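These notes concern the structure reproduced below.
The values are calculated or read from the model by the stated rules, or taken from the named source; none is laboratory data. Keep in mind that what you see is a predicted model, and the values were worked out from it rather than measured. Ideal geometry is used to build each Cβ from the backbone, glycine not excepted, and the neighbour counts take in all protein chains shown.
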Amino acid sequence: MDRLVERISEKVSAAFAQAGYAAEYGDVSFSNRPDLCEFQCNGAMKAAKAARQAPIVIAQAVAERLQGESMFAQVDAAAPGFLNLKLAPEAYAEYLEQMRTAPRFGAWENPSPKKVVIDYGGPNVAKPLHIGHLRSAIIGESVKRIDRFCGDTVIGDIHLGDWGLQMGLIITETRARHPELPYFDPDFTGEYPAEPPFTLSELEEIYPAASAKSKVDEAFAAAAHDATFELQSGRRGYRALWQHIMNLSIADLKKNYANLDVSFDVWYGESDAQPYIAPMLEDLKAKGLATVSEDALVMEVAEEGDTKEMPPCILVKSDGATLYATSDLATMVQRMKDFQPDRILYVVDKRQSLHFEQVFRAARKSGIVPEQTELSFLGFGTMNGTDGKPFKTREGGVMRLETLISDITDFVHEKVRENQIVSEDETEATAKIIAMAALKYGDLQNQPGKDYIFDMGKFAAFEGNTGPYLLYTIVRIKSILSRYDGDPDVLPIQPPVGPEEKDLMLALSRFSDNLALAYRDNAPSTIAAYLYELSGAYNKFYHEVKILTEPDENRRAAYIALIRLTQRVLEQCIDLLGFSAPERM
Ligand code: ARG
């Protein structure tokens, strides 16, 4: 279904053509003077030069041809050459009725759908999930939902950090504690125990302990380094221990992400890219792209015209260890083979932008990723505390994601209980839903690249530009609809009578425009801003218009049809952002 502005542009373009000007001047946009009109066309100003006429003369000629056009209630030519357009009430009703009955509200769809891999989440196995991973999960999930809604085939890949030094640290610390375990006996040829030698909570204690030890104990650090290398070279006992770590940690991650309503299609990790590394390096060497420099294997990625320094990609260190870049390049080899995507999008902390620039260049130069496959990096900013510094616990440590979620849920729980609208046995579930909206909307209302301040009181407020406010709007509509004695879903949209009614319709009609922009820019923030705009339009309408007590039955039905559509669009938008609304709050 075409967008409303496209539909209007078509009429205005035809009028330009009839008046003897090029049709392309008839492009219409939303008005930036909503006090004067709802739509405007600035084409007469552009046409003036070629036509050697004053813009106002052209605007008048076009306006004249649009008089009597049933789509418009009013068409004015205004100095110096604007066309100010007001839509006829019937045109709103017609468009919204189509929207109401079309699948996915007839919104913009990608005309050539793509296959996209989105790399997001990126947690590190056996290390606690922290706030840095929260943003990737929230933004990535929303971008995935937006892309999918617009028709793309999207593969969400969590890309676990499951192959790094943390594994060597855990192995070494476990060895120090339990040297008798068969994992450490190089001569052991039997089957390793099916049960892990530690519980999840022990594992969570082992990593920080080992990490701290490695900072003060050089021998320990060296041993952890060696253990990592041996693991990566395939030492049997270490692989078995690694598998235990993976099983425990992944089960826990799945629970955490389910809690966040974030889901991945594939759970690949850096370890899955390992088999691709050796052949890839051979190929790069054979092509003369990877060269030995100071005992390390590197690939130059600097290009002529670079304005900033572009260090080479280090693929293998002098001690034989491969690096982050090696793993990301090999992952691209794997993704091209498994998925042949049209696009790979990375949702990662913007402080990693240099890394991705190097890796993208290496991928292009080597042909690992062909030109037709787009590589994009969506770098996000830091979540800061109210002191403007990176978010920390009260003790100054790194805040764990679970703690943050339970803190905000408790905070909301208290409010829900105070409000006394939700029955006691529902408060907990309701608080969880609202907390998720507070957390996710608090993040997504910002452009991804910006840093933002996490302010629980502000994010969880029921008024203002917050997630709970949006939910509250939806809940209020649900409450009205539940008191209407009829089926709201069979009622057609009718021409608006009052100004608030018309403004709400105008806001609804903009869903498609905003969706297209959000898709183009990978910007959930566009959907967030639209949600706030639409909620605002609804709330004005709600304050001005008596809905259920409207005596005229037909008018009442018109209001109900309109607010039901509003509810559906609002719910669609919050779903695109990754949260949902409760029944009551
Ligand atoms: N595990 C990494 C981290 O915690 C993020 C991974 C991002 N994705 C990637 N393909 N490098 O920083």
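The table that follows gives values for the structure above.
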quantity	calculated
I368, sole failed condition from (1) within 11 Å of the ligand (Cβ to nearest atom); (2) of a type outside the set (D, E); (3) assigned to a loop (DSSP other than H, G, I, E, B)	(1)
Which numbered condition A91 misses (of (1) touching a strand residue (DSSP E or B) at 6+ places or on another chain (Cβ under 6 Å); (2) crowded, with 21+ Cβ neighbours inside 10 Å)	(1)
Restricting the stretch 321-337 to residues that are more than 11 Å from the ligand (Cβ to nearest atom) and surrounded by fewer than 23 Cβ atoms within 10 Å (Cβ to Cβ), the residue that is nearest to E371 (Cα to Cα)	M336
Some residue of the stretch 97-117 being within 16 Å of the ligand (Cβ to nearest atom) and either farther than 30 Å from Y257 by Cβ or modelled with pLDDT of 95 or more (or both)	yes
Any hit, the stretch 403-413, residues being within 13 Å of the ligand (Cβ to nearest atom) and either surrounded by fewer than 17 Cβ atoms within 10 Å (Cβ to Cβ) or not polar (S, T, N, Q) (or both)	no
Boolean, P179 is out of contact with any Phe, Trp or Tyr (no Cβ under 6 Å at 6 or more places or on another chain), in a loop (DSSP other than H, G, I, E, B) and touching a residue at least 40 places away in the same chain (Cβ under 8 Å)	no
Residue ID - nearest to W267 (Cα to Cα), chosen from residues in the stretch 126-136 that are buried (at least 22 other Cβ atoms within 10 Å of the Cβ) and away from the ligand (no atom under 11 Å from the Cβ)	A126
In the stretch 185-212, residue nearest to the chain's Cα centre (by Cα) [restricted to those that are hydrophobic (A, V, I, L, M, F, W, C) and more than 17 Å from Q166 (Cα to Cα)]	A194
Within the stretch 99-125, considering residues that are touching a Phe, Trp or Tyr at 6+ places or on another chain (Cβ under 9 Å) and surrounded by fewer than 16 Cβ atoms within 10 Å (Cβ to Cβ), the one farthest from C41 (Cα to Cα)	K115
The stretch 364-378, residues that are more than 17 Å from V116 (Cα to Cα) and either free of Cβ contacts under 8 Å to residues at least 60 places away in the same chain or touching a helix residue (DSSP H, G or I) at 6+ places or on another chain (Cβ under 7 Å) (or both)	R364, S366, G367
Sole residue being surrounded by fewer than 16 Cβ atoms within 10 Å (Cβ to Cβ) and basic (K, R), chosen from K365, K308	K308
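Here's the yes/no breakdown for (1) surrounded by fewer than 20 Cβ atoms within 10 Å (Cβ to Cβ); (2) over 19 Å from D261 (Cβ atoms); (3) modelled with pLDDT of 95 or more:
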{"position": "E426", "(1), (2), (3)": "yes, no, no"}
{"position": "I434", "(1), (2), (3)": "no, no, yes"}
{"position": "A437", "(1), (2), (3)": "no, no, yes"}
{"position": "G442", "(1), (2), (3)": "no, no, yes"}
{"position": "M456", "(1), (2), (3)": "yes, yes, no"}
{"position": "F462", "(1), (2), (3)": "yes, yes, no"}
{"position": "P468", "(1), (2), (3)": "no, no, yes"}
{"position": "L471", "(1), (2), (3)": "no, no, yes"}
